[in-house]
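Undergrad: First, the structure itself, so that you have it in front of you.
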Amino acid sequence: MAAVDVIGLTAERAAAMLREGECSSEELATAYLERIEAFDPALHAYLHVDPEHTLAAARAQDQSGNVGLAGVPIAYKDLLSTKGVPTTAGSKILEGFIPLEDADVVARGNAAGLVSLGKTNLDEFAMGSSTEHSAYGPTRNPWDQTRVPGGSSGGSAAVVAAGLAPWSLGTDTGGSIRQPAAFCGLVGLMPTYGTVSRFGVVAFACSLEQVGPMTLTVRDCALLQQVIAGGSERDATCVGLREPIVLPEPGRLDGVRFGVPWAELEDGVDLGIRERFDASLKLATELGAELVDVELPYARHGLAAYYVIAPAEASANLSRFDGVRYGLRVDAPDLRSMYEATRSAGFGPEVKRRIMIGTYALSAGYHDAYYVQAQRVRTLIRRDFDFAFLGVDAILLPTAPTTAFPMGARMDDPLAMYANDIFTLPVNLAGIPALSIPNGLVEGLPSGLQIIGAAHTENALMRFGAAFEQAIGFDPVPPALRGGAT
Amino acid sequence: MSGERIELGPDEVRHVATLARLGLDDAEVERLAGELQSILGHVATISALPIADVPPTAHSLDVAGALREDVAKPGVTREQALANAPDPSFDGFRVPPIGS
């Protein structure tokens, strides 16, 4: 069997190789599985890999003829239910849980012929920005193994950056696709709320989260979004796409108006990130775009509003983990102490913190002051974006104010960890789409450019992203993996 | 992070934990009291905003929910429903007695 070189291999190219008979799906899957065996022990990006299962699925695709994307491998965040395959959400409380059904996005992947390589690591219940809050241990960043890959979809980012999968799915509740994509030199899309089904996604904060692609290129991002987006009769909040996703071609940006919220960039942005961001603004004008000052006066309150709304929804969603129907149970003499003992043993420190914040914010006497007030701020953030988009085609911001930080650096300071999502979470509060693309290196580490659009403008965002991508010319393969090294 | 001073003592932390059905030991109560004071203090920066007349947003969809036809379809079997249960018993979920 000829070894396939999968380092830096895009899903688009892999699909072409399969269609043209340059390799089989089984050979492709074998190449990734060999790399997983060699490199994942150090990175700890996968929580579950089942080579027999993967190879059987690949052979089935080879036998039915590889058309379209059929036979291309993929990795799924372990927040996504997979029928008959363990799904932990990164939590001890779901250890050993075997879903009865596939998440809609996984079912769509299966229908397209994608072959699952495994389930990827995440912060427990997607609560975190570093993947250090996984109950199964942290994932390391392939660009620098002393640093975090970002989070909560850190495993999904690390496997693509390290060549352990050609692409992956993550979920984004406050930046959990875009920030790890930025930290690992990838493209990541937070889709418009309601365009991708959440059926089978272990719920954290239902009004904020969406599933989205994490890829090496903007075109791969569009290809995967074509697979997963669309209405579902199993998710009443999923209204589907207004127009089909098209594959973007790189080109110029003549006549495009980009908004720049300068006031948001004044504090707390690392110098190197700011330099890369300013360089991308210069590129935009060289490509023919016009830069327009915009103001998002309530965006700075997004962090506070988010840390009421997301924990409030989480405290309600996580009440289902009670030791009765699935997952962990810690025995106790009566029902109430069984609940308390089970939840105490099953949830990690960050999940307990958020359940406590959410329960407090929803409790009698505090509901109006915290929860309703945060929802009013949410309205104002949405209005800020609506107003800005009257005059611009998209808004540009750094994806995160820093590059990947050292492991352990923020674990003792929850607010410092939360603050890394300052540029991403207003997007979730507004329910609008945002694309993060690699924006060059800062001291050897990737940085991200975030392109934010009005609802249902994914095609425009990916067209802009493809133009930047070509002009920036970023190599998404970490230096240690270049040169065909195995 | 600047913020307002929020007083949150061990008794209040224990009360919230009871509402959330979370068992906490004394060390966790002490640690969480400090952390929640700091986080809620930051969150409280929005409490003084003069926005009482702004309608709250619960979700960002600008269309009504997508509803399917109400037709009966096969569901999971009892055996499937009990497959992940920590203590299945005959045809149900067994739990300890209510009340001590």
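Undergrad: Mind listing whichever residues of the range A:309-349 are within 27 Å of residue B:47 (Cα to Cα), crowded, with 22+ Cβ neighbours inside 10 Å, more than 7 Å from every other protein chain (Cβ to nearest Cβ) and not aliphatic (A, V, I, L, M)?
TA: Residues satisfying the conditions are A:311, A:313.
Undergrad: Right, residue B:30: more than 9 Å from every other protein chain (Cβ to nearest Cβ), surrounded by fewer than 18 Cβ atoms within 10 Å (Cβ to Cβ) and in contact with a helix residue (DSSP H, G or I) (Cβ under 9 Å, 6 or more places away or on another chain) or not?
TA: yes
Undergrad: If you go through the range A:61-82 one residue at a time, do you hit one that is assigned by TED's automatic domain parsing to the domain that holds residue A:141, touching a strand residue (DSSP E or B) at 6+ places or on another chain (Cβ under 9 Å), in a helix (DSSP H, G or I) and of a type outside the set (Phe, Trp, Tyr)?
TA: Yes, there is a match, as at least one residue in the range A:61-82 is assigned by TED's automatic domain parsing to the domain that holds residue A:141, touching a strand residue (DSSP E or B) at 6+ places or on another chain (Cβ under 9 Å), in a helix (DSSP H, G or I) and of a type outside the set (Phe, Trp, Tyr).
Undergrad: Looking only at the range A:435-455, decide whether some residue is surrounded by fewer than 24 Cβ atoms within 10 Å (Cβ to Cβ), out of contact with any Ser or Thr (no Cβ under 8 Å at 6 or more places or on another chain) and on the phi > 0 side of the Ramachandran plot.
TA: Yes, some residue in the range A:435-455 is surrounded by fewer than 24 Cβ atoms within 10 Å (Cβ to Cβ), out of contact with any Ser or Thr (no Cβ under 8 Å at 6 or more places or on another chain) and on the phi > 0 side of the Ramachandran plot.
Undergrad: Are any of the residues in the range A:103-125 among the small types (Gly, Ala, Ser), outside any helix (DSSP H, G or I), surrounded by 24 or more Cβ atoms within 10 Å (Cβ to Cβ) and touching an Asp or Glu at 6+ places or on another chain (Cβ under 8 Å)?
TA: The answer is yes; a qualifying residue exists.
Undergrad: Is there a residue being within 14 Å of another protein chain (Cβ to nearest Cβ) and farther than 27 Å from residue A:442 by Cβ anywhere in the range A:242-259? Walk me through how you get there before you give the answer.
TA: Here is the first cut: in the range A:242-259, the residues within 14 Å of another protein chain (Cβ to nearest Cβ) are A:242.
Narrowing the set further to residues that are farther than 27 Å from residue A:442 by Cβ leaves A:242.
So far as the range A:242-259 goes, yes, one or more of its residues are within 14 Å of another protein chain (Cβ to nearest Cβ) and farther than 27 Å from residue A:442 by Cβ.
Undergrad: Do the conditions hold for residue B:50, that is, is it under 21 Å from the mean Cα position of the chain (by Cα), without any contact (Cβ under 8 Å) to a residue 24 or more places away in the chain and more than 9 Å from every other protein chain (Cβ to nearest Cβ)?
TA: Taking the combined requirement at face value, the residue does not satisfy it.
Undergrad: Next up: I'd like the full set of residues that are facing chain B (nearest Cβ under 7 Å) and either among the hydrophobic types (A, V, I, L, M, F, W, C) or assigned to a loop (DSSP other than H, G, I, E, B) (or both), limited to the range A:361-370.
TA: Across the range A:361-370, the qualifying residues are A:363, A:369.
Undergrad: Here's something else I'd like to know. Looking only at the range A:194-241, filter to residues that are within 14 Å of another protein chain (Cβ to nearest Cβ) and touching a strand residue (DSSP E or B) at 6+ places or on another chain (Cβ under 6 Å); which one of those is surrounded by the fewest Cβ atoms within 10 Å (Cβ to Cβ)?
TA: A:241
Undergrad: Just to check your reading of the model, which residue among B:17, B:81, B:64, B:85 is without any contact (Cβ under 8 Å) to a residue 40 or more places away in the chain, at the interface with another protein chain (Cβ under 10 Å from one of its Cβ atoms) and touching a strand residue (DSSP E or B) at 6+ places or on another chain (Cβ under 8 Å)?
TA: Within the list B:17, B:81, B:64, B:85, the selection yields B:85.
The values are calculated or read from the model by the stated rules, or taken from the named source; none is laboratory data. A quick note: this is a predicted structure, and the numbers were derived from the prediction, not measured. Please note: Cβ atoms are built from the backbone with ideal geometry, for glycine as well, and neighbour counts cover all protein chains shown.
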